[in-house]
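Read-outs: derived from the displayed coordinates by stated rules, not from any lab. Since this is a predicted model, take the numbers as computed values, not measurements. Please note: Cβ atoms are built from the backbone with ideal geometry, for glycine as well, and neighbour counts cover all protein chains shown.
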Amino acid sequence: MKKALSIVTTICLAFILSNCNNPNKEAAKKDSNVKTATEGSKSKCLLPLTASDSAKFISTQLQVKGEVENVLSLTVDSLKQMKTVEIDNYQVVCQSATTGKAGKSCKGVLLKDIIYKAKIRQSGHKDPNFYIVARATDGYKAIFSWGELFNNATGENTYVIFEENGMPIKNKGEMVLICKNDIKTGPRQVIWLNSIEVNRVN
């Protein structure tokens, strides 16, 4: 009986030690965690969108409101009547540094031209105390200061686009905001864009 108990104890001890000190198991667990984190980051920024996904948040109008003299309700046709710009080699770069497969050609309108059209309620040219919120129907938003858009190169690189590679945008809403000037363009890319809000800094 004692001999049998001793054998069982030895087997159990060997099993416990092998699991505690198995570097391959720990490495595999670590690799699994890294893969999950990477896939999670990629999915938030570059996840392909199906028509059914997009249908939940689709917006065909862009509201420009807040501290402006002219509240606007813009469509793709409205944007086409403004000064349009061709944007070459735009690539989404996520916060995790994950990138899209290839650069895109896009067509759109400078965000600052849209805001000029709405006309900020400024007390004078020395009144720059505003920030601009680009908001999507799913609640996602990107924020720009007045100085970024009107006194910085960012203003010449921030667009509301309505075409990608010569085709209307469909699976990300009809209009998307992009900022090509950012090092990581993903965080301030707003798909399903439906409002531009001009707010005064209190």
*How would you rank T185, T60, going from fewest to most other Cβ atoms within 10 Å of each one's own Cβ?*
T60, T185
*Going by how many other beta carbons lie within 10 Å of each one, how would you line up K117, K170, fewest first?*
K170, K117
*Using Cα pairs closer than 8 Å and at least 6 residues apart in sequence, work out the relative contact order for the range 50-200, in percent.*
33
*Please work out the C-alpha center-to-center distance from the range 50-73 to the range 125-202 and express it in whole Å.*
12
_Footprinting exposure proxy for S195, S73, S123 (fewest neighbouring C-beta atoms within 10 Å first)_ = S123, S73, S195
*Using the structure shown, list the pairs from K126/K172; K107/K184; K104/K126 with a Cα-Cα distance above 28 Å, or answer none.*
K126/K172; K104/K126
*Quick one: work out the % antiparallel among DSSP beta bridges in the range 125-174, nearest 5.*
90
